[in-house]
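Novice: Structure in structure tokens, see below.
The values are calculated or read from the model by the stated rules, or taken from the named source; none is laboratory data. Predicted model only: the values in this text are computed from it and were never measured. Backbone-built Cβ (ideal geometry, glycine too); neighbour counts: all protein chains shown. Keep in mind that these areas ignore ligands, DNA and RNA; they rest on the heavy atoms of the full protein, side chains included. Shrake-Rupley method; radii C 1.70, N 1.55, O 1.52, S 1.80 Å.
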Amino acid sequence: MSQLLLRGDGGTRRAMALLAFALIVLATPRVAHAGGKPRIACAPGFDLGGLTLEQALQLPNVQAGLAAGVYDEEFVAEVQDAVDANGDGLICFQRIPASGATPNPASNWQFFYNVVDNQASVPSW
């Protein structure tokens, strides 16, 4: 869910990217908790599954975004932390475009993934 960071004016672009990212997070349907039992399953359609930050940094689109200077590892870590509401270190990834439609290349979609928290129950002991 996610526009990580666009080139140019760092502060403004970063803020726009975080806002877009937050809107996508809020618009994504939440998966109901399974009776409070821990689980790491991702919602249907999140074809890449739940990934840690280290795993996310190895994804092809992330690698391309890093190489192109669209964003840096620090920003990817900030996004991972912002999305990981339950604090289990995993968020779910989906390829863009998931629907088969091709977004405008000027949006830099080729460097991003749709992401959402895995909504796992985390023990509170």
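Novice: Evaluate the following for E78: is it at pLDDT 95 or above, crowded, with 16+ Cβ neighbours inside 10 Å and among the acidic types (D, E)? Steps first, please.
Specialist: Values: at pLDDT 95 or above: yes; crowded, with 16+ Cβ neighbours inside 10 Å: yes; among the acidic types (D, E): yes.
When the stated conditions are applied, E78 passes them.
Novice: Regarding the stretch 15-32, can at least one residue be identified that is modelled with pLDDT under 90, surrounded by 13 or more Cβ atoms within 10 Å (Cβ to Cβ) and in a loop (DSSP other than H, G, I, E, B)? If you could, list the steps in order and put the result at the bottom.
Specialist: Taking the stretch 15-32 first, the residues modelled with pLDDT under 90 are 15-32.
In the following step, the residues that additionally are surrounded by 13 or more Cβ atoms within 10 Å (Cβ to Cβ) were identified as 16-18, 20-22, 24-25, 28, 31.
Narrowing further to those that are in a loop (DSSP other than H, G, I, E, B): 28, 31.
Taking every residue of the stretch 15-32 in turn, at least one turns out to be modelled with pLDDT under 90, surrounded by 13 or more Cβ atoms within 10 Å (Cβ to Cβ) and in a loop (DSSP other than H, G, I, E, B).
Novice: Can you pull out the residues in the stretch 81-93 that are open to solvent by 20 Å² or more (accessible area, probe 1.4 Å) and not polar (S, T, N, Q)? So that I can check it myself, show each step before the final result.
Specialist: As a first pass, look at the stretch 81-93 and keep what is open to solvent by 20 Å² or more (accessible area, probe 1.4 Å): 81-82, 84-90.
Of everything in the stretch 81-93, those that are open to solvent by 20 Å² or more (accessible area, probe 1.4 Å) and not polar (S, T, N, Q) turn out to be D81, A82, D84, A85, G87, D88, G89, L90.
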